[in-house]
Every structure is written in structure tokens, then in C-alpha cells.
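The values are calculated or read from the model by the stated rules, or taken from the named source; none is laboratory data. Since this is a predicted model, take the numbers as computed values, not measurements. Counting neighbours? That spans all protein chains shown, and the Cβs are built from the backbone with ideal geometry, glycine included.
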Amino acid sequence: MIRRHSLLALLALHFLLIGGAVCAEPGQQTVLITGANRGIGFEFVKQYAARGDDVIATCRNREGADELNAFAATHDNVTVERLDLVDLDGIDALAAKYAGRTIDVLINNAALMRGPDPGQTFGSFDYEWFDQWYHTNTRGPLKVTEAFGPNVMLSDDGLVASLTTGQGNRGIPVLGFAYYKSSKAALDNLFLDVARKGRKDGVRVITISPGRVPTHGGPLRKGMVRIEDSIAGMIEVFDAFAIEQNGGSYRHDGSEMTLK
């Protein structure tokens, strides 16, 4: 991948060696994260806040986000907002609140994930779930990206990142994940169009898999990656991602996925 910050890093080292003062790089961005109250989203909040970035941490139930609210209370650079992916009017309202505010990184993290279960298995599909899964995992991130697109375009180097699964298009090889994996495959496809538009608008667009992480405090099993390492890896990928790579889908370690 193209490492665009290498020149800046050399310049910073040069100024440090001659006694000059330089600002931390690449801090002082504004980052909006969906599903920020727990797991992957909350770890994004903690790591971006630690870098000195301003974080807009959104979640569906703001009042019930005890851990996130406690963290924000001790970090002046973290703001907690309510955002429900199925509430299109609510998404527009939050975007209106932040109209004119530059957002450098928009992370579509929030998603519905569950399985295996009979309601996602052919022969016993729960069709009342269908809209819930697709409205949350596919339509929601698309709407958030469209609503906050003008904010990202204000950035000199804006990025939209949507979390996906490496098994979406190829299929998780067990029954009971049909709605989850297909809604993520639809997300991957739709964001190819977002990426094409991003090339014209100067916005970097990526879909990325965090790998298998124990998001609810469970044990680290074989084949899993520590959540701290996953998020640190994804942030490194974001920092290095070039607009020429738009439409690519990557893993947290920087390797590219083939979506076939």
C-alpha cells in the first residue's frame, strides 16, 4: 500500500533534530464512529481519543451506554450522540446538527450480527427479520455515508470506512448466517459505487474486515485476534490508504480481500 505519511514523518524528525517544534501527526482529526458503545466501536473511540483526535461517538441507546458515557466524561475530545441506523430522519437530524463541521474519518461500524440461528436458515427463514437485517447492515451505513458525505468532503483527505466480513461474498460455510452474510455482501457491492463517486469527490472509500475478535469479553480462541490489535491495524490501514485504492476491501492486517 502507498505510505503517504512517510515524507511527513521524515520532515517531523528533521525539525525535532534541529530543535524545532512540530505537531503530532496524524492527530487532530475529527472521527465519527457508529456503534461506538461497545466492542469494536468502543475500541475505535479509545484509540482515536488517545491519538488526540476529536471523536463523535454515536450509538442507538445513548442513555444506556454507561461505559462510553463514563469514558467521554473524562475525555474532552469525545462527544456521545444518539444515532439509530434504522431511523432515517434521525440520521438526517444529526447530520444537520453537524452541518459545516469537517469529518476526516467516518467509520460505519454499527451492525446487527447474530448466528447461527434457524431464522437465518433456508427452510425456516424468519421473514420478519429480513428488513431488520438489511435496514441495519446495508441501508443504514449507506444513509449515514450519504448524510455525512458533505462533512467528509470538507476534509483535505477524508475517509469513509465500512466494516464488513471476509466471508460475505464467499459465504460463511455454515448454516444460520444467511441474513448477516448477505447483508454484508450487499454492503460491499453498494460501496463500490460510493468508492467510484469518492474518486470524483476526493474522498477515500474502503471496506474492511476486523477479523475474528472477541468483542464481548470472551476468551481469545484459535484464529482470533485481540481487539486492540485489530483496531490498531485498521487505523494503520486507514492512515496509509490512498484514493487510488478506492473500492478495495482489506483485512485489519492490510492484506487485500478478493470479493468474488
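Among the candidates Pro173, Pro219, the residue that is under 27 Å from Asp126 (Cβ atoms), free of Cβ contacts under 8 Å to residues at least 24 places away in the same chain and surrounded by fewer than 18 Cβ atoms within 10 Å (Cβ to Cβ) is uniquely Pro173. If you check Gly233 against the conditions, is it assigned to a loop (DSSP other than H, G, I, E, B), within 15 Å of the chain's Cα centre (by Cα) and under 22 Å from Phe191 (Cβ atoms)? The answer is no for Gly233. Does the range 178-191 include one or more residues that are in contact (Cβ under 8 Å) with a residue 60 or more places away in the chain and of a type in the set (Lys, Arg)? Yes, because at least one residue in the range 178-191 is in contact (Cβ under 8 Å) with a residue 60 or more places away in the chain and of a type in the set (Lys, Arg). Do we have any residue at all in the range 130-150 that's modelled with pLDDT of 95 or more, surrounded by 15 or more Cβ atoms within 10 Å (Cβ to Cβ), hydroxyl-bearing (Ser, Thr, Tyr) and assigned to a strand (DSSP E or B)? For the range 130-150, residues modelled with pLDDT of 95 or more, surrounded by 15 or more Cβ atoms within 10 Å (Cβ to Cβ), hydroxyl-bearing (Ser, Thr, Tyr) and assigned to a strand (DSSP E or B): absent.
Is at least one residue of the range 54-74 modelled with pLDDT of 95 or more, crowded, with 19+ Cβ neighbours inside 10 Å, farther than 13 Å from Phe42 by Cα and out of contact with any Gly (no Cβ under 9 Å at 6 or more places or on another chain)? Scanning the range 54-74, I find at least one residue that is modelled with pLDDT of 95 or more, crowded, with 19+ Cβ neighbours inside 10 Å, farther than 13 Å from Phe42 by Cα and out of contact with any Gly (no Cβ under 9 Å at 6 or more places or on another chain), so the answer is yes. Answer yes if at least one residue in the range 151-164 is buried (at least 19 other Cβ atoms within 10 Å of the Cβ), on the phi < 0 side of the Ramachandran plot and assigned to a loop (DSSP other than H, G, I, E, B), and no otherwise. Yes, there is a match, as at least one residue in the range 151-164 is buried (at least 19 other Cβ atoms within 10 Å of the Cβ), on the phi < 0 side of the Ramachandran plot and assigned to a loop (DSSP other than H, G, I, E, B).
Residues in the range 198-231 that are closer than 15 Å to Gly39 by Cβ and of a type in the set (A, V, I, L, M, F, W, C): Val213, Leu220, Met224, Val225, Ile227, Ile231. Condition (residue is farther than 19 Å from Leu106 by Cα, surrounded by fewer than 15 Cβ atoms within 10 Å (Cβ to Cβ), in contact with a helix residue (DSSP H, G or I) (Cβ under 7 Å, 6 or more places away or on another chain) and of a type in the set (Val, Ile, Thr)) applied to the range 22-30: is it met by at least one residue? The answer is yes, given that some residue of the range 22-30 is farther than 19 Å from Leu106 by Cα, surrounded by fewer than 15 Cβ atoms within 10 Å (Cβ to Cβ), in contact with a helix residue (DSSP H, G or I) (Cβ under 7 Å, 6 or more places away or on another chain) and of a type in the set (Val, Ile, Thr).
The strands (runs of 3 or more DSSP E) falling completely within the range 27-111 that include 2 or more residues that are among the charged types (D, E, K, R) and at negative phi map to 78-82.
Candidates are the residues of the range 173-214 that are assigned to a loop (DSSP other than H, G, I, E, B) and within 18 Å of Val105 (Cβ to Cβ); the one that is farthest from the chain's Cα centre (by Cα) is Gly202. Contact map, the range 233-260: residues that are free of Cβ contacts under 8 Å to residues at least 40 places away in the same chain and more than 25 Å from Thr30 (Cβ to Cβ) paired with residues that are in a loop (DSSP other than H, G, I, E, B) and not aromatic (Phe, Trp, Tyr), Cβ distance under 7 Å, separation 6+ or inter-chain. Pairs shown: Glu256/Gly248.
In the range 95-118, the residues that are farther than 17 Å from Val152 by Cβ reach residues that are of a type in the set (Gly, Ala, Ser) and surrounded by fewer than 16 Cβ atoms within 10 Å (Cβ to Cβ) with C-beta atoms within less than 7 angstrom, at least six apart or across chains, in these pairs: Pro118/Ser124.
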